[in-house]
Each structure stands twice: as structure tokens, then as C-alpha cells.
Amino acid sequence: MRVIPVDSSAATLLITKLPEVKVRDRQTGEVAVDPVTNDRLMVLELVFIAQGGSDMIKVTVPEPGIGEGLVMGAPVILSCLVARPWENEFGGRMRHGIAYRADAVMVDAPASVQG
């Protein structure tokens with residue numbers, strides 16, 4: 001599956017839903033884990049503001065990559081953000097979208113003023 005790097009350096013990212021455990025199977029309650037590290041995966045929602053527009057996105061992050069001090073509305077930085085197009089059939093209908101994944105999410109603290 002194709003993985004597309006996303007440059008978010010010129011964007012403003014704001015938390016609209018705090019991280020919560022990602023569920024792999026809603027019927028069984030199975031929690032999603034990274035296939036390589038076996039870390040639990042978390043999902044959070046952000047508003048991605050760039051080039052005069054905005055979009056709501058969900059981003060999956062391994063649990064160790066969740067930074068301290070995340071609060072609703074906080075500006076954040078994502079490390080190694082990628083997009084993966086996906087497609088599947090559900091109930092006889094084709095569905096498609098883009099899944100976003102990052103290595104880490106942390107509060108975007110302003111640089112301290114030096115005098």
C-alpha cells in the first residue's frame with residue numbers, strides 16, 4: 001500500500017478530540033496495536049488549517065508517541081505524518097478514504113523569548 005509523506009510544517013494543527021485507544025474490532029472490543037512494536041495505537045482528531053482552508057482529520061499515533069499536556073484546542077506538532085489511501089467493500093458498497101498516521105504528537109509550545 002502506498003504511503004505518502006505529509007508536510008505539515010506550514011499548517012496549524014489544533015486538537016478537537018483528545019487521544020483515545022483505537023479499537024480494531026468493534027464487535028469484540030479488540031484494541032489495535034502496531035504490528036512491529038506491539039504498542040497500543042491511539043487516535044485523535046485535529047483540525048488541519050493550511051492554504052486558506054481547513055479539514056478535520058483523524059490521526060493514529062502509537063501510545064508512547066502521545067506527548068504530555070495535550071488539551072482541547074491546543075496547537076500541536078506531528079512527527080513523521082503520513083497518509084495512506086484505503087479502499088474496502090462493506091455491505092456490498094465500496095468505501096474509500098485516507099488514513100493518517102504519525103510517530104508522535106506533542107504540544108506546539110511557542111519558542112521562549114530571549115532578551
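All of the numbers you see were taken from the coordinates with simple rules; none came from a lab. No experiment lies behind these values; they were computed from the predicted model shown. Glycine gets a Cβ as well: all are built from the backbone with ideal geometry, and neighbour counts include every protein chain shown.
Starting from the Cα of Trp86, move 7 Å in the Cα-to-Cβ direction to define the label point; list residues of the stretch 42-61 whose amide nitrogen is under 18 Å from there. In the stretch 42-61, the label zone of Trp86 (backbone N under 18 Å from the point 7 Å along Cα→Cβ) covers 42-46, 56-61. Taken over the Cα atoms of the chain, the convex hull encloses 146 Å³ per residue.
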